[in-house]
Amino acid sequence: SRRQQAVGGVREGGVTAAEFLTPPFGADLRARLLALNNQHAEELSYKTEEQFADLFDRASVVLTESQGLALLVGFHEHCFYDNPNFDWLKGRFARFIYIDRIVVNAAARGQGLAKQLYGFLEDKALLDRRERLVCEINSVPPNPQSDAFHRKLGFVPVGEQVLEDRGKTVRYWAKELG
């Protein structure tokens, strides 16, 4: 079965565990996920349907809440992904999962979906003997909510890069595992 469900019915803090799915997704769910991504294009980057499908095909991890309220896309170090952030991290770290994007629908924020997605990803990374989770967060323009969320989960800043062609600066973060 392609459906994945959180172990148990209640997660840490009394938050009810959501049901998460992996590809392939039906057309309606794909459309909801693309719309969710593009509503947050400043943080995530805009994608066409074709680009979004290619992103999913290249990723090593794609998880979504069953109704399309949250999405996580990640790449391990052996994936081919033409992206300056992935390249920066790949040049500095071995055995990682790069979190390319995580997004939660505004109406579903505060329900623990992002934390649950990261929990699944961390479990997968440990099973795959990855040494760390890595990501980037915009520092110009700033994204203080994401900074705070990642700090709470144990991520620490490990570098920064100006992406002139994209008009932003990003800070790189890592969480050491095991």
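The values are calculated or read from the model by the stated rules, or taken from the named source; none is laboratory data. Given the structure is predicted, the values throughout are model-derived calculations rather than measurements. Note: ideal-geometry Cβ built from the backbone for every residue, glycine included; neighbour counts use all protein chains shown. Ligands, DNA and RNA are excluded from the accessible area calculation, which covers all protein heavy atoms including side chains. Shrake-Rupley method; radii C 1.70, N 1.55, O 1.52, S 1.80 Å.
Scan I99, I137 and give me the residue that is under 21 Å from L36 (Cα atoms), in contact with a Cys (Cβ under 6 Å, 6 or more places away or on another chain) and not aromatic (F, W, Y). I99 is the lone residue from the list that is under 21 Å from L36 (Cα atoms), in contact with a Cys (Cβ under 6 Å, 6 or more places away or on another chain) and not aromatic (F, W, Y). When you scan region 33-50, do you find a residue that is part of a helix (DSSP H, G or I), of a type outside the set (S, T, Y), farther than 23 Å from G112 by Cα and at pLDDT 95 or above, even just one? Yes - at least one qualifying residue is present in region 33-50. Only one of the numbered conditions (1) of a type in the set (S, T, N, Q); (2) in contact with a helix residue (DSSP H, G or I) (Cβ under 9 Å, 6 or more places away or on another chain); (3) open to solvent by less than 80 Å² (accessible area, probe 1.4 Å) is not met by N83, and that is (2).
Scanning region 149-178 for residues that are within 18 Å of the chain's Cα centre (by Cα) and open to solvent by 70 Å² or more (accessible area, probe 1.4 Å) yields R151, K152, V156, E176. Every condition in (1) open to solvent by 50 Å² or more (accessible area, probe 1.4 Å); (2) within 19 Å of Q39 (Cα to Cα); (3) at pLDDT 95 or above holds for L72 except the one numbered (1).
Out of all the residues in region 79-91, is one or more in contact with a Leu (Cβ under 9 Å, 6 or more places away or on another chain) and of a type in the set (A, V, I, L, M, F, W, C)? No, every residue in region 79-91 fails to be in contact with a Leu (Cβ under 9 Å, 6 or more places away or on another chain) and of a type in the set (A, V, I, L, M, F, W, C). Note on region 138-159: among residues that are in contact with a strand residue (DSSP E or B) (Cβ under 6 Å, 6 or more places away or on another chain) and modelled with pLDDT under 95, the one that is farthest from A59 (Cα to Cα) is V140. Residues to consider are Q116, Q111; find the one that is over 13 Å from the mean Cα position of the chain (by Cα) and either closer than 21 Å to F80 by Cβ or of a type outside the set (D, E) (or both). Checking each option against the conditions leaves just Q111. Exactly one residue out of R109, R132 is at negative phi, modelled with pLDDT of 95 or more and among the basic types (K, R): that is R132. Restricting attention to region 100-138, which residues are outside any helix (DSSP H, G or I), touching a residue at least 60 places away in the same chain (Cβ under 8 Å) and open to solvent by 60 Å² or more (accessible area, probe 1.4 Å)? Scanning region 100-138 gives a single hit, Q111.
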